[in-house]
Amino acid sequence: MISLNFVLDFSIDDAVSWRRPQGAENAAASGDDMNIRKREHAGRILLRQLGIDTADAARLILEAAEALRLRADAGRSTLILRLRELLRAGAEALRRREQTRPFAEVARLSLAARAHRRPLTLRDLHSFTNRLLRLPGVAESPLRSIGADECRRMLESAFGRSAHSYRKGRAILHSIFAYGRRQGWCSANPVDAIDAPPVREAEIRPLAPAECERLLQAARRPAHRACRPALGLMLHAGVRPAEVARLDWQDICWQDSAVCIRPTHAKTGGGRLVPLSPPLRRMLRLCRPASGCGPICPPQWLRRWRELRRCAGFEHWVPDVLRHTYASYHARRFRNLPELQLYMGHRSLALLQTRYLNPAGITAAAARRFWQLQL
């Protein structure tokens, strides 16, 4: 620090001498000229050792003074104090800017911060992150050095073949940079500058009441009877297949006539109460175990659910079609989209209106028949 102060003091003396009018040097002479000359001599020696030209150092001081908007008649002590403040603040900002970590390390720490997520979600996170890390030169790149263009190339290389994978990969890459930014390892999130591909959802036709009846008839058979409560909750309450697999009989609120989807059970992490239709309530009461607790879905649920669909004649099954069916018939029958939004667990009406509702071919009679199905 003492050596840097020598450079600063000497450069200021040199810079200030440039600003003095011609002939002012003699007027500035005083009894301590010898001390000034010694300090200037020491400053010149140090500058030579550092390979710095004294004229360049003086010019930098003048540029810094102009940046600070110091007046030409500012005293030397004021100039020194302000320039030292500038040096300290600039050095601290430079240290913060240069603080970073390799992309692979930040990705690993970001995954560790989300270790509480469900196993299926964690599997996807690890899979997509590893696809990014396998790209040449990515793992060792400092996070702060990666810009939007490089992020775009990473996404194109790893996920460019599928718009769905690209959107998901972009979300995961964005979360890695968001984590790094919170830790101070980058100053911005370059993924913000990359647009996600537009979602083009295929139109999903809700099941007709006759098709729903085929499923219900198959569920009444002894081989599939254990799946009947889960089928009813998916069909008449819009519960997702993964959510119904987490439900317990204690999640049925008999007094409120509703099923409680807890935040730990929901896909989006938000809890909701979905009312039970009269047919659904009657069926659940008949199927409720004597203990009143235990999983609603039977063991090996996914396999048995596939077998039930096949028994009902559905060789090709569209994921979430029962949820689409519930939403479409509910909207047609009750005409209350804000209420349906709450039951579906959506944050806004946009997803409900653009993806789940398909009123084509649903008449008032069909909607009435759907809600009167004997589950």
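The values are calculated or read from the model by the stated rules, or taken from the named source; none is laboratory data. Model, not experiment: these values are computed from the prediction. Quick reminder, even Gly has a Cβ in these numbers, built from the backbone with ideal geometry, and neighbours come from all protein chains shown. Note: areas computed on protein heavy atoms with side chains; ligands, DNA, RNA excluded. Shrake-Rupley method; radii C 1.70, N 1.55, O 1.52, S 1.80 Å.
Observations, loosely collected:
- Meets criteria (in a helix (DSSP H, G or I), out of contact with any Asp or Glu (no Cβ under 7 Å at 6 or more places or on another chain) and surrounded by 19 or more Cβ atoms within 10 Å (Cβ to Cβ)) for ARG369: no
- Tally of residues being within 16 Å of the chain's Cα centre (by Cα) and either more than 21 Å from ARG101 (Cβ to Cβ) or of a type in the set (Gly, Ala, Ser) (or both) across segment 171-190: 5
- None of GLU85, GLU92 is open to solvent by 70 Å² or more (accessible area, probe 1.4 Å), closer than 20 Å to ARG181 by Cα and either assigned to a helix (DSSP H, G or I) or touching a Ser or Thr at 6+ places or on another chain (Cβ under 7 Å) (or both) except GLU92.
- Candidates SER277, SER257, SER348, filtered to the one that is within 29 Å of LEU120 (Cβ to Cβ) and among the hydroxyl-bearing types (Ser, Thr, Tyr): SER348
- Members of segment 310-336 found to be within 15 Å of LEU349 (Cβ to Cβ) and surrounded by 17 or more Cβ atoms within 10 Å (Cβ to Cβ), listed by number: ALA327, SER328, HIS330, ALA331
- First in segment 177-191 and small (Gly, Ala, Ser), second anywhere and surrounded by 16 or more Cβ atoms within 10 Å (Cβ to Cβ), Cβ under 6 Å, 6 or more apart: ALA178/ASN189; GLY180/VAL106; GLY180/LEU143; GLY180/CYS186
- LEU340 vs. criteria assigned to a helix (DSSP H, G or I), of a type in the set (A, V, I, L, M, F, W, C) and open to solvent by 40 Å² or more (accessible area, probe 1.4 Å): no
- Within segment 345-358, being within 22 Å of ALA208 (Cβ to Cβ) and in contact with a helix residue (DSSP H, G or I) (Cβ under 6 Å, 6 or more places away or on another chain) holds for LEU352, TYR356, LEU357, ASN358.
- Verdict on ALA210 being aliphatic (A, V, I, L, M), exposed (fewer than 15 other Cβ atoms within 10 Å of the Cβ) and closer than 30 Å to ARG306 by Cβ: yes
- Scope segment 168-185; condition under 21 Å from GLU156 (Cβ atoms) and at pLDDT below 90; matching residues: none
- Selection count, segment 249-280, where residues are open to solvent by 60 Å² or more (accessible area, probe 1.4 Å) and either within 14 Å of ILE296 (Cβ to Cβ) or modelled with pLDDT of 95 or more (or both): 3
- Filter pass, ALA350 being open to solvent by 40 Å² or more (accessible area, probe 1.4 Å), at pLDDT below 90 and of a type outside the set (Asp, Glu): yes
- Among residues of segment 99-115 that are without any contact (Cβ under 8 Å) to a residue 60 or more places away in the chain, those with a beta-carbon under 9 Å from a residue that is in a loop (DSSP other than H, G, I, E, B) and surrounded by fewer than 18 Cβ atoms within 10 Å (Cβ to Cβ) at least six positions away or on a different chain give the pairs PRO102/ALA139; PRO102/GLU140; PRO102/SER141; ALA104/ALA139; ALA104/GLU140; ALA104/SER141; GLU105/ALA139.
- Unmet criterion (only one of (1) open to solvent by less than 70 Å² (accessible area, probe 1.4 Å); (2) part of a helix (DSSP H, G or I); (3) farther than 26 Å from PRO263 by Cβ) for ARG152: (1)
- Of the residues ARG246, ARG240, ARG303, ARG285, the single one that is out of contact with any strand residue (DSSP E or B) (no Cβ under 7 Å at 6 or more places or on another chain), under 21 Å from GLU211 (Cα atoms) and open to solvent by 30 Å² or more (accessible area, probe 1.4 Å) is ARG303.
- For segment 347-366, the set of residues classified as under 14 Å from TYR326 (Cβ atoms), hydrophobic (A, V, I, L, M, F, W, C) and assigned to a loop (DSSP other than H, G, I, E, B) consists of LEU357, ILE362, listed by residue number.
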